[in-house]
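Q: The structure under discussion is supplied below as structure tokens; questions concerning it will follow.
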Amino acid sequence: MKLELRGITKRFGSFTANDAIDLVVEPGEIHALLGENGAGKSTLMNVLYGLYHPDGGEILIDDKVVSFAGPADAMAAGIGMVHQHFMLVPVFTVAENVELGHEQTKGFGILDAAKARREVTEVSARYGLSVPPDALIQDLPVGVQQRVEIVKALIRNAKVLILDEPTAVLTPQETDELMEVMRTLKASGTSIVFITHKLREVRAVADRITVIRRGKVVGEASPNSSSAELASLMVGRPVQLTIEKAAHEPGDVIAEVDNVRIVDDAGQVVVDDVSFDVHAGEIYALAGVQGNGQTELTEAIIGLRPLDGGRITLSGRDITDSDVHDILRADLGYVPEDRLHDGLIGSFTVAENLVLDRYDSAEFSKGPSLDVGRIAANARQRVEEFDVRTQSVDAPGSTLSGGNQQKLVLARELSRPLKLLIVAQPTRGVDVGSTEFIHRRIVAERDGGAAVVLVSTELDEVLGLADRIGVMYRGKIIGEVPAGTSAETIGLLMAGTVPDDLPARLRDPGATATGSRTTVRTEEPL
Amino acid sequence: MTEVAAPTSALPEPGGPDPAAPVRRRRALGDNTIVVTLLAFVAAMVVGAILIAFSDPATRSASAYFFSAPMDTLRAAASAIGRGYAALFEGAVFNPTTAARGTVAGIFGPISETLVSATPLILGGLSVGLAFRAGLFNIGGQGQIVAGATCAGYVGFAWHLPVVIHLVVAIVAGMVGGGLWGALAGWLKARTGAHEVITTIMLNYVAVNMLGFLLSVKGFQRPPYGQAISNVVDANARLPHLLGSSLRVNAGLFLALLAAYAIHWLLTRSVLGFEFRAVGANQNAARTAGMSVERSYTRVMLIAGVLSGLAGVTQILGTNSAITGDIDAGIGFDAITVALLGRANAGGTVLAGLLFGALRAGGVQMQSSTGTPIDVVSVVQALIVLFIAAPALVRFLFRLHGSGAGAGQGLAKGWNG
Amino acid sequence: MSTAATTRPGDEVVIHRVVEKPMSTRRRVGIGVAISVLGLLSLLLGHNAQAHDARFDLSQGSEFFHVPDLVLPVAATAYVIGIILLAVGAYQAVRGFRPRGLRIAGTGIGALFMLAFLSWAASGGKGSTIDLLGVLENTLALAAPLILGALAGVLCERSGVINVAIEGQMLAGAWAGAMFGTLMGRFGGVLTALVAGALMGWLLAVFAIRYLVNQVVLGVVLNALSLGLTGFIYDAIMQPNANTMNTPQVFQPLQIPVLSKLPLVGPLIFDQNIIVYLMYALVILIQWGLFHSRWGLRTRAVGEHPKAADTVGINVLRVRYVNVILGGAIAGLGGAFMTLGSVGSFTKGITSGNGFIALAALIFGRWSPKGAVAASLLFGFAYELQTLLSLVAPPVAIPSYFLAMLPYLATIFAVAGLVGKVRAPGADGEPYVKE
Ligand SMILES: Nc1ncnc2c1ncn2[C@@H]1O[C@H](COP(=O)(O)OP(=O)(O)O)[C@@H](O)[C@H]1O
Ligand SMILES: [Mg+2]
């Protein structure tokens, strides 16, 4: 099946997310759509999938114009999509999710569960995508959830499969497996639109590459182009792919995390006896695939989550049972991974957001009253210093772009002297320009003598910034390696495998297996 | 690549006529909350008019032969509506007939009644509105009013203190009663996550039953114990009348205005208010910034309860002089509509309280002079709020453009959050 | 302990580590103490008993065979129950039940305590026989509108629309049932009640789904609207013409042949009016359909994750409209039960908060039909208890006001987590906007 998009335009209000985009996907090819965050890739694919209605342009299948009123039409036309954020109902089983909207019934709308299960098993066996039909989605790791999504599309006989940033949640090894699946599908005649902003992957698997910038197609490239070429095409100017930083001079231990254990509400052990320390003037990176306990661990350090065991100290002071307010006052800065959710208040002004954790300090209040003048003055100064692009300091935080919102949060946290800075996913969804700025500020903070904990799922970011790297896997720091360790080694650790030749510092050798490709098995301890 | 002109932001041609001007004017109108509120009022009054006509026996009997003489029906309806709304106006603002007598009561009577009705509505509206701003839904006005009125009333009739002191103590008692009743819901949410919508509704019933019980206990109940009514509040504990004893308007009005000013300051200028607003707008970010969301819940509901308690105070120390089972008089629920109409800010709530107070006062007059059931006022109130909560509908009805969000939009949405 | 089995490529099964978080000591001991207090209370009741025996009447007389009265020695019964409860309380305080066990134990504890309490109440002298069958029949009658209201809530909230307007929907149904029941006959009344409830449901749907009004706000306003409108019509035309407008014929119980002759369950379950039979059917249909039909799967999907449903081609908004309107109709039926099934006429605000109790039952019952039924029966029993105690005159008079508070207090305890954490459908209350 040949798929063609002609002049697709899509606006959100006055913002044009897709601007007359043309794209041709030939039968049986892997077509990569490359572009920065916010370039408009997902929007384009949502138009193609019938979720959004385009403001202009047309879609052609085998040279015939089609129009989709909704996803049902798109699916009927042979288009399948695995969304960036999975579209699975967490409390449903795999089989229920797969059959939803495509139900197997015994007539009269009565579900035929056995048939649905059989169908799932069949398709997953045919393409080598093993999924457990009766498990609940919420109990499955993201890698398996992704396979469920692919099965979902294949069961509906997708001829064109759209994969929207499928590798964002995968380890390098899982990414390789996914690429294998993509090649299998291609061999069976399915075309694939592969969306990503990671250069390595495009070059590894794509037959053709279309680059999108700010809603427009800016060019086509061949998989043989160099990373630097692709990057500058994507960003629109030459980019520096490495981060400059001076040699690392660690000072005293600032923060110590000692045998921390966290059990979540569902009873899962999400952080399992983790210990590490961070020195002044050092960036310690917690690497790992999303969902291996990094989020919970940082939330515990900042005091947002109670521990189920262990101890945390900051400059020798035990902060295990302190609340967030006291911990922030003990010179800890925190940039949460989800800025819109945890980092700022969309309806508050830029000025208010800049004092969100200090509105009640003597600096910004007079007794029970706010010092509105100081709050405004502070805002003007920070906006200037951190180059936050906003119409005014009285504009609501929600009107800023992702990169500027991130700079806003960073400006707030870095506006006071810090002993420890925790930054989680500092550049997720942030444009390249802001990314460079944010990286420089993080390094500057380290050089100023603060201890920095960087949580990132982006391997490049970790390799570029970290002085020391702890890799988390299933709630444990499975290995701790120095800067300069190869990406392969860290990738293996992220997948839960400790390479034989690695002199890793393992706190809890009994809990992890060594060897080349062993899966960790942990049993119920009680 | 060609630039696609965005139709919504077309610039006017210099010099030439601007084709988009009417659209833009209608958009400006449609985005204006005051305009939308006024139109919502108009739309609700139109529905009210239909109900008035419907309840008029003359109109109904004329409608039996509508198709042979439609004008009869329309004339009867017009007359009924005219009489109904005239009576509403006379009851709420100014009545020429009574004013002609030249007495203070004759001239200011309607206004006095409006202010008397508005006073507890403003206080209750502030209570609900404050909770809104902190992301909480206080449906517990009824219970808090009952608790406040009960405490204030008890101090008012059971204790005997000197002038001024008695009043102050009784007011404080009412504030404490209402405050604790409100704080209970906040505390339950903070400690256990129990959703305040459910707990406040349940606490309403608990309070009403508690009062029912008290009204059956000697010492609280008034002799000869036949009726469920309490002893009479001492004169010392009554809120003074403002325009002489012939008019019911009393110092409770000042309490309400004072409270409105205090809430305005709290929400715009205070450290505590910053915290409340932050918790209301994004509790995750508030928590991450070191605020204690749980503590805020208790505090907000405490203050909200104090405000509702004050509404109870004005009911028992101002308007009435003895506690009965229906001391709340539906204010707890009407307060929700007041807060929504007032868009949860203090000034708006005062205006909304005055409007609904006027409707209440006028509704009584309308019922007594034209026989239109007073429930028409409840319908009009509900419709006003329904329309302002759905500005898109109002814009559709009046063919305006615009995109503003409705009242109550920023509240927590589900039971889980 | 529960495990989640997952497969990875190569088909290795990895067991996630799942531990059951133990209940906090405070909570465990607190619940244990609460149970023990009930035990002590039972002992006290036994001590205070006046007559020797309590007699419970369990038959109506029309059954195949006569069920003999249950006669219990009051003091002994209460003492034994007291001791059992103390033991259970001690076990809970020291060891603690698992959450599931606690729920089962809780039901047993409640039933036992009630037995002790009723025995004591019956020992007061005046009417020392308690017509237990009658009590249960009344419980069901009082619970029926709650059950229907809660089912309405299940439909709406499972599809993602919060329904605080159950009260208003019931009120509309009660009004339409009475007025049109008088004008068009009682079946016409039921039909119009369904329509009136559905119309209220439609209003909820339109404003929630299309105009994105906050759904709790909306529910409160719709209740006020319904109360105002029905009150207005009542004052304007029903009350002045009560004979021609407000005297519907009430549905009489229909005995199901054979089944109604069974002891206990016969008169209780199979000797009811048509609305109750309709209710049975709805409970079964919704409970089963929610989990075994295409409608149920889609409804739940839309309530949990509307976007996921949308991406597989399900019309989210339509599913919501349908469920909310159906829910409104069912609540309307609940209202009709009040006017056509029991009272026989409409008065202003006749539902008197039943819709809110139904909402509480929905939450207490964790958004499941069968849970809602259980909660509604509990609340119905608490209502009935008030009547009962005014009839039998227990040794110590208990002000009816405190009994009246019981359902509300129970609900507060329930949502405060006494019965474990409740979780609403994932997208409950969130409007779905595509772009
Ligand atoms: N529903 C929406 N409403 C308004 N703006 C949107 C919406 N979805 C995406 N956008 C904006 O459109 C741009 C493109 O987004 P997206 O297609 O998600 O980018 P990509 O997938 O390439 O990272 C972004 O600037 C984003 O903020
Ligand atoms: Mg995207």
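Q: Which of the helices (runs of 4 or more DSSP H) found entirely inside the stretch C:244-339 contain at least 3 residues meeting this: away from chain A (no Cβ under 14 Å) and among the β-branched types (Val, Ile, Thr)?
A: Working: elements: C:265-269, C:274-292, C:294-304, C:306-311, C:316-336.
Result: C:274-292, C:316-336.
Q: Between A:321, A:331, A:338, which is more than 8 Å from chain B (Cβ to nearest Cβ), under 27 Å from residue A:371 (Cβ atoms) and open to solvent by 30 Å² or more (accessible area, probe 1.4 Å)?
A: Testing whether each residue is more than 8 Å from chain B (Cβ to nearest Cβ), under 27 Å from residue A:371 (Cβ atoms) and open to solvent by 30 Å² or more (accessible area, probe 1.4 Å) leaves just A:331.
Q: Taking the criterion of being within 14 Å of chain C (Cβ to nearest Cβ), within 16 Å of ligand 2 (Cβ to nearest atom) and assigned to a loop (DSSP other than H, G, I, E, B), would at least one residue in the stretch A:16-37 satisfy it?
A: Scanning the stretch A:16-37 turns up no residue that is within 14 Å of chain C (Cβ to nearest Cβ), within 16 Å of ligand 2 (Cβ to nearest atom) and assigned to a loop (DSSP other than H, G, I, E, B).
Q: With respect to residue C:168, is the statement that it is open to solvent by 30 Å² or more (accessible area, probe 1.4 Å), touching a residue at least 12 places away in the same chain (Cβ under 8 Å), assigned to a helix (DSSP H, G or I) and small (Gly, Ala, Ser) true?
A: Values: open to solvent by 30 Å² or more (accessible area, probe 1.4 Å): no; touching a residue at least 12 places away in the same chain (Cβ under 8 Å): yes; assigned to a helix (DSSP H, G or I): yes; small (Gly, Ala, Ser): yes.
No.
Q: Can you name the condition, by its number, that residue A:326 falls short on among (1) surrounded by fewer than 18 Cβ atoms within 10 Å (Cβ to Cβ); (2) at the interface with chain B (Cβ under 9 Å from one of its Cβ atoms); (3) within 30 Å of residue A:171 (Cα to Cα); (4) of a type in the set (D, E, K, R)?
A: (3)
Q: Just need a number here: residues in the stretch C:149-190 that are closer than 21 Å to residue B:415 by Cα and either touching a Leu at 6+ places or on another chain (Cβ under 9 Å) or within 12 Å of chain B (Cβ to nearest Cβ) (or both).
A: So the count comes out to 20.
Here's the yes/no breakdown for (1) β-branched (Val, Ile, Thr); (2) free of Cβ contacts under 8 Å to residues at least 12 places away in the same chain; (3) surrounded by 18 or more Cβ atoms within 10 Å (Cβ to Cβ):
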{"residue": "C:50", "(1), (2), (3)": "no, no, no"}
{"residue": "C:55", "(1), (2), (3)": "no, no, yes"}
{"residue": "C:72", "(1), (2), (3)": "no, no, yes"}
{"residue": "C:88", "(1), (2), (3)": "yes, no, yes"}
{"residue": "C:100", "(1), (2), (3)": "no, yes, no"}
{"residue": "C:113", "(1), (2), (3)": "no, no, yes"}
{"residue": "C:141", "(1), (2), (3)": "no, no, yes"}
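Q: Working only within the stretch B:138-167, note down all residues that are open to solvent by 10 Å² or more (accessible area, probe 1.4 Å), closer than 18 Å to residue B:188 by Cβ and not aliphatic (A, V, I, L, M).
A: Answer for the stretch B:138-167, where residues must be open to solvent by 10 Å² or more (accessible area, probe 1.4 Å), closer than 18 Å to residue B:188 by Cβ and not aliphatic (A, V, I, L, M): just B:142.
Q: Just one of A:193, A:211, A:202, A:218 is farther than 30 Å from residue A:306 by Cα and not in a strand (DSSP E or B); which is it?
A: Matching residue, one of A:193, A:211, A:202, A:218: A:202.
Q: Condition first: away from chain A (no Cβ under 14 Å), within 30 Å of residue A:303 (Cβ to Cβ) and crowded, with 20+ Cβ neighbours inside 10 Å. Can you find one or more residues in the stretch B:228-245 that meet it? First the steps, then the outcome.
A: Taking the stretch B:228-245 and keeping what is away from chain A (no Cβ under 14 Å), we get B:228-245.
Narrowing further to those that are within 30 Å of residue A:303 (Cβ to Cβ): none.
No, the stretch B:228-245 has no match at all.
Q: Next question, about the same structure. Considering the stretch A:406-451 alone, what residues qualify as being in contact (Cβ under 8 Å) with a residue 60 or more places away in the chain, of a type outside the set (Gly, Ala, Ser) and within 16 Å of ligand 2 (Cβ to nearest atom)?
A: Selection gives A:425, A:428, A:430, A:431, A:432.
Q: Another question about this same structure. Going by what's in this entry, would residue A:198 be described as within 16 Å of ligand 2 (Cβ to nearest atom) and either at pLDDT below 95 or at negative phi (or both)?
A: yes
Q: What pairs come up if the first residue lies in the stretch A:42-54 and is farther than 16 Å from residue C:316 by Cα and at the interface with chain C (Cβ under 10 Å from one of its Cβ atoms), the second is open to solvent by 20 Å² or more (accessible area, probe 1.4 Å) and assigned to a loop (DSSP other than H, G, I, E, B), and their beta carbons are under 7 Å apart, counting only those six or more places apart or on different chains?
A: Close Cβ pairs (under 7 Å, with a partner that is open to solvent by 20 Å² or more (accessible area, probe 1.4 Å) and assigned to a loop (DSSP other than H, G, I, E, B)) amount to A:43/A:52; A:46/A:52.
Q: Being open to solvent by less than 20 Å² (accessible area, probe 1.4 Å) and not in a loop (DSSP other than H, G, I, E, B): is that true of residue C:160 here?
A: Considered against the rule, which asks whether it is open to solvent by less than 20 Å² (accessible area, probe 1.4 Å) and not in a loop (DSSP other than H, G, I, E, B), residue C:160 comes out as no.
Q: Is at least one residue of the stretch A:62-78 over 21 Å from the mean Cα position of the chain (by Cα), within 11 Å of chain C (Cβ to nearest Cβ), near ligand 1 (Cβ under 10 Å from one of its atoms) and not aromatic (Phe, Trp, Tyr)?
A: no
Q: Say whether the condition of being in a loop (DSSP other than H, G, I, E, B), open to solvent by 80 Å² or more (accessible area, probe 1.4 Å) and of a type outside the set (Val, Ile, Thr) is met by at least one residue in the stretch A:365-384.
A: yes
Q: Using the structure shown, decide if residue B:75 is modelled with pLDDT under 90 and open to solvent by 50 Å² or more (accessible area, probe 1.4 Å).
A: So residue B:75 fails the test.
Q: A further question follows. Within the stretch C:58-94, how many residues are touching a strand residue (DSSP E or B) at 6+ places or on another chain (Cβ under 6 Å) and under 27 Å from residue C:33 (Cβ atoms)?
A: The number of residues fulfilling the criteria is 1.
Q: What strands (runs of 3 or more DSSP E) completely inside the stretch A:39-136 contain at least 2 residues that are closer than 30 Å to residue A:236 by Cα, assigned by TED's automatic domain parsing to the domain that holds residue A:28 and in contact with a strand residue (DSSP E or B) (Cβ under 6 Å, 6 or more places away or on another chain)?
A: Strands (runs of 3 or more DSSP E) meeting the threshold: A:56-61, A:79-82.
Q: Can you tell me which residue among C:374, C:360 is assigned to a helix (DSSP H, G or I), surrounded by fewer than 24 Cβ atoms within 10 Å (Cβ to Cβ) and not charged (D, E, K, R)?
A: C:374
The values are calculated or read from the model by the stated rules, or taken from the named source; none is laboratory data. Remember, predicted model here, so these are calculated numbers, not experimental data. Quick reminder, even Gly has a Cβ in these numbers, built from the backbone with ideal geometry, and neighbours come from all protein chains shown. Note: accessible area is taken over every heavy atom of the protein model, side chains too, but ligands, DNA and RNA are not part of it. Shrake-Rupley method; radii C 1.70, N 1.55, O 1.52, S 1.80 Å.
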